[in-house]
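In what follows, a single structure is set out as structure tokens and then discussed.
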Amino acid sequence: MSKIVYVSGTFDLFHSNHLKMIEYGRGLGDTLIIGVSTDELVCTYKKPPAIPFEERIEIVKALKYPDVVIPQHSLEHTQRTKDLNIDIFVVGDDWRGKYDYLKDLGVKVFYFPYGRGVSSSNLKKQIFQDYKSRVAESDEHPIPSPIQEEDSNQ
């Protein structure tokens, strides 16, 4: 009997932990469906993604692991689970407990443990800190005296 696996995510600033979760999902069953959260959905619970939905879904579609990649418009997955005959649901462990209700539908739920330090939120913070540091380095310097420049040219 074939198993259908559904992996749910935003996949903003795609990184190695996203890939590991998708690879993990691929290994759990025969058909892998990836649900990529739309910008509108993400904005209902946090700030907009850095990468627009159209870009994020194309990145995930380009991977070798998924059989199907679809937009995800809701965090409530009861009907989707029924419509797609999902046997296994995979999501990052930052959502631990949120999808336990799917177990009542006979769905196995896996909360994939993210590796330490790598997340889209942490990447955004690192990019911002790097930017601030580079701006400070380029903007904070002594202004040379025009008189000294003229003296050194003679």
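We did not get these values from a lab; they are worked out from the coordinates using the rules stated. The structure presented is a predicted model; accordingly, all values stated were derived computationally and were not measured. Don't worry about glycine lacking a Cβ; one is built from the backbone with ideal geometry, like all the others, and counts go over all protein chains shown.
Quick one: compute a quarter of the convex hull surface over the Cα atoms of segment 4-119 and quote it in nm². Let's see the in-between values first.
Values: hull surface 26.3 nm².
Answer in nm², one decimal: 6.6.
Which of the residue pairs Lys47/Lys82; Lys20/Lys108; Lys3/Lys47 have a Cα-Cα distance greater than 28 Å in the structure shown?
Lys47/Lys82; Lys3/Lys47
Please work out the FRET efficiency for the pair Lys61 and Asp100, using the Cβ-Cβ distance as r and a Förster radius of 30 Å; give the result to the nearest 0.05.
For Lys61 and Asp100, the calculated efficiency is 0.55.
Any chance you could run the full-extension gain for Ser16 through Ala50? It's 0.36 nm times the residue separation minus the Cα-Cα distance, nm to one decimal.
Numbers: separation 34, 0.36 × 34 = 12.24 nm, distance 1.69 nm.
That pair, Ser16 and Ala50, stretches by 10.5 nm at full extension.
Tell me the net charge near Ser74. Cut-off is 11 Å between Cβ atoms, Ser74 excluded, with +1 for each Lys or Arg and -1 for each Asp or Glu.
Net of charged neighbours comes to -1.
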